[in-house]
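See below for the structure under consideration.
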Amino acid sequence: DIQMTQSPSSLSASVGDRVTITCQASQDISNCLNWYQQKPGKAPKLLIYDASNLETGVPSRFSGSGSGTDFTFTISSLQPEDIATYYCQQDDNLPYTFGPGTKVDIK
Amino acid sequence: QVQLVESGGGVVQPGGSLRLSCAASGFTFSTYAMHWVRQAPGKGLEWVAVISYEGSNKYYADSAKGRFTISRDNSKNTLYLQMNSLRAEDTAVYYCAKGKTYATLDGMDVWGQGTTVTVSS
């Protein structure tokens, strides 16, 4: 199975800050990497698919990059409504594994 | 709009069985793969199973193999997860989710609101 790691596991930032989360796969997954946002008590929501494509309706302050084994997720200007846990997930090989998540809150 | 509504969760004793359902609407259900993903209390997301759009291909996480069965009824726009020999570690919120791409086995885009399964004596 492909193992996914994320860092940091949590972060605290101020409104307007640039926030960056990294995700690493245990083997080459090309661009088969998705990013999901999960707010407390809610279902996950797809933000970025295929490493860098913004899902329809998602604000442009969210972006993703990377390929192979190393990926980055960025919030260009953190907003109060972005408080959530963010997960990366690979869909290159079954089982489709998730990273452990990064919890983002406001300082 | 795409909507997925899970049902069938509840409290069950260890060793018991439960069948979850996921009613889909707002898209052509028969042309997308469908997934089950679960989340134990306070934990991260764990992919459980996927079924291809026509139902001929099914894949499971090791934790589900031999105990869970994913199926679908395209005439009823409904996805199922039959769970047998349930264990305490199966306690979780179970989400159904739609595949991202037409007629392709890949990750998920839209998720349901989840149904809670509690395995306890």
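Restricting the first member to the range B:68-79 and to residues that are more than 12 Å from residue B:48 (Cβ to Cβ), and the second to residues that are of a type in the set (A, V, I, L, M) and surrounded by fewer than 16 Cβ atoms within 10 Å (Cβ to Cβ), no beta-carbon pair is closer than 9 Å while six or more apart or on different chains.
Of all residues in the range B:25-58, exactly one satisfies the criterion of being among the acidic types (Asp, Glu) and either within 14 Å of chain A (Cβ to nearest Cβ) or surrounded by 15 or more Cβ atoms within 10 Å (Cβ to Cβ) (or both), namely B:46. Restricted to the range B:59-79, and to residues there that are within 11 Å of chain A (Cβ to nearest Cβ) and either in contact with a helix residue (DSSP H, G or I) (Cβ under 6 Å, 6 or more places away or on another chain) or surrounded by 15 or more Cβ atoms within 10 Å (Cβ to Cβ) (or both), the residue that is farthest from residue B:96 (Cα to Cα) is B:63. The residue list A:14, A:30, A:26 contains one member that is on the phi > 0 side of the Ramachandran plot and surrounded by fewer than 16 Cβ atoms within 10 Å (Cβ to Cβ), which is A:30. Of everything in the range A:63-107, what is within 14 Å of chain B (Cβ to nearest Cβ), more than 11 Å from residue A:21 (Cα to Cα) and not in a strand (DSSP E or B)? Give them in sequence order. If the condition is that a residue be within 14 Å of chain B (Cβ to nearest Cβ), more than 11 Å from residue A:21 (Cα to Cα) and not in a strand (DSSP E or B), then A:91, A:92, A:93, A:94, A:95, A:96, A:97, A:99, A:100 are the ones that fit.
We did not get these values from a lab; they are worked out from the coordinates using the rules stated. Model, not experiment: these values are computed from the prediction. Note that we place each Cβ from the backbone using ideal geometry, even for glycine, and neighbour counts take in every protein chain shown.
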